[in-house]
Amino acid sequence: MKIKDLPENTLHRLVIYLNVLDALEKKKVDSVSSEELAKRCGVNPAQLRKDLSFVGNLGTKGVGYSVKSLKFSLKKFLGRTEEWNLVVGGLTPLAEYLINNRDLQKEGFYIMSAFDTRPEKIGLIINGVSVYNLDQLSYVTKAIKVHIGIITSEDKPEEYFQAFLRENIRAILNLSSTPLYSENPEVKIENFSFPMALTKLSFFLKNSS
């Protein structure tokens, strides 16, 4: 299917379904009804079934869903059965945490290299990942296929962003507090930062008392 055919909100919910199914599988739950799964995911059963219709005809009437089978179908649909090469822009504490996080590798996301502009950071090796000068990005992208770029730099997020775009990195996770956007419809950017998420919660608290 074409990306434009899947609503953004539906994609967001499909990721939630996958995470909930993963948790159920770890608890050794074999099957789950649409009502129970919907409840755990914070949606109504009709919405759940509508969302899953994008993936295929996956449930059995009167039985529900096989947790293992539905999880696999969702992973395949969402591209999670493949392996993806990542690079990181900005050697921040958050970047080091991601580089040392082995759970990412278990899920098929491999951080291949990191980049920085500060001389004292260039040349470091963290958990087997080398830190290069940002000017060397083109050499790395010629040597390996880079699928996703992660920006963690707070002082120069735009510089890393433009460098990633120049090297045709079309999927970018921006973890800086500066939202970044591209007019190119072939580039997908996910803007997320803890201050942004916490601001939504602070608004809720301020207006719910």
Exercise for the section: Would you mind stating whether Leu6 is within 23 Å of the chain's Cα centre (by Cα), modelled with pLDDT of 95 or more and surrounded by 12 or more Cβ atoms within 10 Å (Cβ to Cβ)? Expected result: no
Exercise for the section: Return yes when Ser31 is under 21 Å from the mean Cα position of the chain (by Cα), surrounded by 15 or more Cβ atoms within 10 Å (Cβ to Cβ) and not assigned by TED's automatic domain parsing to the domain that holds Lys106 and no when it is not. Expected result: no
Completion exercise
Residues of region 79-130 being over 24 Å from Asp155 (Cα atoms) and surrounded by 20 or more Cβ atoms within 10 Å (Cβ to Cβ), in sequence order, are none
Fill in the blank from the handout: Within region 168-190, of all residues that are of a type outside the set (Gly, Ala, Ser) and assigned to a strand (DSSP E or B), the one surrounded by the most Cβ atoms within 10 Å (Cβ to Cβ) is Asn174
Practice task
State yes or no: is Ile111 within 17 Å of the chain's Cα centre (by Cα) and assigned by TED's automatic domain parsing to the domain that holds His147?
Solution key: yes
Exercise for the section: State whether one or more residues within region 6-15 are touching a residue at least 60 places away in the same chain (Cβ under 8 Å), aliphatic (A, V, I, L, M) and closer than 30 Å to Ile126 by Cβ. Expected result: yes
Fill in the blank from the handout: Considering only strands (runs of 3 or more DSSP E) wholly within region 96-167, the ones with at least 1 residues that are in contact (Cβ under 8 Å) with a residue 12 or more places away in the chain, farther than 28 Å from Leu78 by Cβ and among the aliphatic types (A, V, I, L, M) are 129-133
Exercise for the section: For region 48-63, indicate whether the set of residues that are assigned by TED's automatic domain parsing to the domain that holds Asp155, among the charged types (D, E, K, R) and within 24 Å of the chain's Cα centre (by Cα) is non-empty. Expected result: no
Practice task
Considering every residue within region 19-26, establish whether at least one is more than 22 Å from the chain's Cα centre (by Cα), over 30 Å from Gln136 (Cβ atoms) and of a type outside the set (Val, Ile, Thr).
Solution key: no
Handout entry: Criterion violated by Leu91 - all others in (1) in the same structural domain as Val131 (by TED's automatic domain parsing); (2) at positive phi satisfied
Key = (2)
Handout entry: Pairs where the first residue, in region 67-81, is under 17 Å from Asp30 (Cα atoms) and the second is in a helix (DSSP H, G or I) and among the aromatic types (Phe, Trp, Tyr), C-beta under 9 Å, 6+ apart
Key = Leu70/Tyr17; Lys71/Tyr17; Leu74/Tyr17
Handout entry: Unmet criterion (only one of (1) touching a strand residue (DSSP E or B) at 6+ places or on another chain (Cβ under 9 Å); (2) of a type in the set (Asp, Glu); (3) farther than 30 Å from Leu21 by Cα) for Glu96
Key = (3)
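The values are calculated or read from the model by the stated rules, or taken from the named source; none is laboratory data. Treat the numbers as computed from the prediction; the structure is a model and nothing was measured. Cβ: placed from backbone, ideal geometry, glycine included. Neighbour counts: every protein chain shown.
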